[in-house]
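Read the figures in this text as sums done on the coordinates, not as results from a lab. Model, not experiment: these values are computed from the prediction. In this analysis, Cβ positions are derived from the backbone assuming ideal geometry, glycine residues included, and neighbour counts consider all displayed protein chains.
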């Protein structure tokens, strides 16, 4: 998300929900029809112990019909993401070897109980459109006219109590005129392969009349979803923007931190890139004005910021500062490296924002103080100070960019939930000095201020009559020019 706004920015205007049917009693029957998983997929799944889902989307009422074959050894409890069970309807189960489906038991908190130790088939409907109109939250479900965005964790019943690394495969069927796009990449036969643990941290996904453009770019494939109804924007404007932003990220990390990423573009009135959000599994939702032109896309920083989130393992809320601070600090230098802004412009934005990151009275450290200033700019200050320390202690041989490049190369992306301690240990080893670990211990739980003004003075980064410049007479000006 943007370092210029609140933690949670509203992406879509409030929708009227007066006539919405609700799940768990009183909901209208879904118009989606069940389609069982294909025989080859089932055979492969039985051998691999994979849960196989076949999902059918009905655009008329924006509903889903899901048939899921669970392998032998499955737990007896299944659930969607907490808060999403309200729209789960008509759950049925057929035990292995049985001839017919019977109603499945539901617990008081909405979970589904079914004896599946020998394998079973679950069948249910999900009122996705109704969920989106009520919840209006891109992290759970959001309906915007003919479009519905909802991570699969909200509508796929997942085993509870089993192994996180148990395999999951799902195929989504949509009628002509509709499309499905997800941060889970599509594989052979349309199957999207993941694990139970990754399903719980699902990426953004969407249904509707979307134009999904595949963009193969060096070491990553993007699925860019653009609206085909309502307000629109030309792919010819969007695709160069995506590639330039990816090039900036690649310039600081050495490689793009995902092999596949989904970009869901919501088009609104306006003439600028308004806001972006990223979610585990390499997915981004963006809100873009329909009058945004080539020049505006060219100077945008939002998409680079969101793509950089892919390079940090997903953290609990208390450590939002690490995810947001890393992206806030690295983004301007990433764009400078590919010529989208000058190095002086990159420094200028940080000098404007850094004062917001210092602790106020009563601050208890970055892990314990979740204010806007401390999350975005306190986090940015943490990584500036880390970068300064790494460069000075290694005589300019390594940077914090190298540390994150190593974390990514080791598999530490936002599709994982590694602890910050684990990620920082990898980064420290790569640069040869334990700066990140030392600083986490120091600044995570204490409200000690950063000495950034002294370090900026040593670098010679200062404001002048014509903006920010680097003073060649400063002690470390040569280092500042290599940033």
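Sorting 165, 139, 219 on the 10 Å Cβ count, fewest up front, what's the list?
Least to most surrounded, the residues fall as 165, 219, 139.
Residues of segment 397-412 with amide nitrogen under 19 Å from the 7 Å Cα-to-Cβ point of residue 482?
Only 397-406 fall inside the zone, counting backbone N under 19 Å.
Order 276-283, 341-348 from most to least packed using the mean count of other Cβ atoms within 10 Å.
Output ranking for 276-283, 341-348: 276-283, 341-348.
When averaged across all projection directions, what area in nm² does the alpha-carbon convex hull of segment 34-141 cover?
That works out to 7.3 nm².
Please report, in whole Å³, the volume per residue of the convex hull around the C-alpha atoms of the chain.
Here the figure is 156 Å³ per residue.
State the Kirkwood hydrodynamic radius of segment 150-268 in Å, one decimal place, computed from all pairs of distinct Cα atoms.
15.7
How big is segment 209-279 on each of its three principal axes, counting only the C-alpha atoms and giving the largest first in Å?
For segment 209-279, the Cα extents along the three principal axes come out at 38, 24, 22 Å.
Using 7 Å Cα-to-Cβ label points, what is the residue 422/residue 236 separation (nm, one decimal)?
Taking the two extended label points, one gets 4.7 nm.
If you fit an axis through the alpha-carbon atoms of helix 420-431 and take the longest principal axis of the Cα set of the chain, what angle between them do you get, 0 to 90°, nearest 10?
50
If you build the Cα gyration tensor of segment 316-380 and take the root of 5 times each eigenvalue, what three semi-axes come out, in whole angstrom, biggest first?
Its equivalent ellipsoid spans semi-axes of 25, 13, 5 Å.
From the alpha carbon gyration tensor of segment 248-381, can you work out the equivalent ellipsoid semi-axes (sqrt of 5 times each eigenvalue) and give them in Å, largest to smallest?
25, 18, 16
How do 168, 338, 275 line up, fewest other C-beta atoms within 10 Å first?
Listing 168, 338, 275 from fewest to most nearby Cβ atoms yields 338, 275, 168.
May I ask for the angle, rounded to the nearest 10°, between helix 379-393 and the longest principal axis of the chain, with both axes built from Cα atoms and the value confined to 0 to 90°?
Between the helix axis and the principal axis of the chain, the angle is about 50 degrees.
In whole angstrom, how long is each semi-axis of the equivalent ellipsoid of segment 312-480, when you take the square root of 5 times every eigenvalue of its Cα gyration tensor and sort them from largest down?
They are 25, 19, 15 Å, listed from largest to smallest.
Calculate how large, on average over all directions, the projected area of the Cα convex hull of segment 21-208 is; give the answer in nm² to one decimal.
If you wrap the Cα atoms of segment 21-208 in a convex hull and average its projections, you get 9.6 nm².
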